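Peer 1: Can you keep this structure in mind? I'll have questions shortly.
The values are calculated or read from the model by the stated rules, or taken from the named source; none is laboratory data. What you see is a predicted model; the values in this text were computed from it and never measured. Don't worry about glycine lacking a Cβ; one is built from the backbone with ideal geometry, like all the others, and counts go over all protein chains shown.
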Amino acid sequence: MSEKDQNLESRLYKLTAKIEVNPEDAGLYFERAEIYAQQNQLAKAINDYDLVLDLDPENKQASTKKEMIQTILRYNNTDIYASPNTDMDPWLE
């Protein structure tokens, strides 16, 4: 594991501990979501962005980041043989 990865893991551990003490702090969830996104753990990032939006529905950064990740997932997971007339994965909406 690289030094950068170790640093991110350490920050995740500390943030998770802080969240347990203060679960109503949207900023902590946002910071953790950013780390998950850096680690390409996109589902976990979306979950934390959702928690930010539950606590702070007007948070434009979280909303934008979540939409960006959903777009990336939608693009990466599009079946090249799928009918163009069908909707994408509904869980991404």
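Peer 1: Collect the residues in the range 1-57 that are aromatic (Phe, Trp, Tyr) and surrounded by 14 or more Cβ atoms within 10 Å (Cβ to Cβ), keeping them in residue-number order.
Peer 2: The first filter runs over the range 1-57 and keeps only residues aromatic (Phe, Trp, Tyr), leaving 13, 29-30, 36, 49.
Scanning the range 1-57 gives Tyr29, Phe30, Tyr36, Tyr49.
Peer 1: Right, something else. Out of everything in the range 43-93 that is among the aliphatic types (A, V, I, L, M) and more than 21 Å from Ile19 (Cβ to Cβ), what residue ends up being modelled with the highest pLDDT?
Peer 2: Pass one, the range 43-93, residues among the aliphatic types (A, V, I, L, M): 43, 45-46, 51-53, 55, 62, 68-69, 72-73, 80, 82, 88, 92.
Those left that are additionally more than 21 Å from Ile19 (Cβ to Cβ): 68, 72-73, 80, 82, 88, 92.
Details: Met68: 95, Ile72: 88, Leu73: 86, Ile80: 57, Ala82: 58, Met88: 56, Leu92: 51.
Restricting to residues being among the aliphatic types (A, V, I, L, M) and more than 21 Å from Ile19 (Cβ to Cβ), the top hit is Met68.
Peer 1: List, please: which pairs have Cβ atoms under 9 Å, are six or more places apart or on different chains, and start with a residue in the range 15-26 that is under 10 Å from Leu51 (Cβ atoms) and part of a helix (DSSP H, G or I) and end with one that is modelled with pLDDT of 95 or more and hydroxyl-bearing (Ser, Thr, Tyr)?
Peer 2: Ile19/Tyr29
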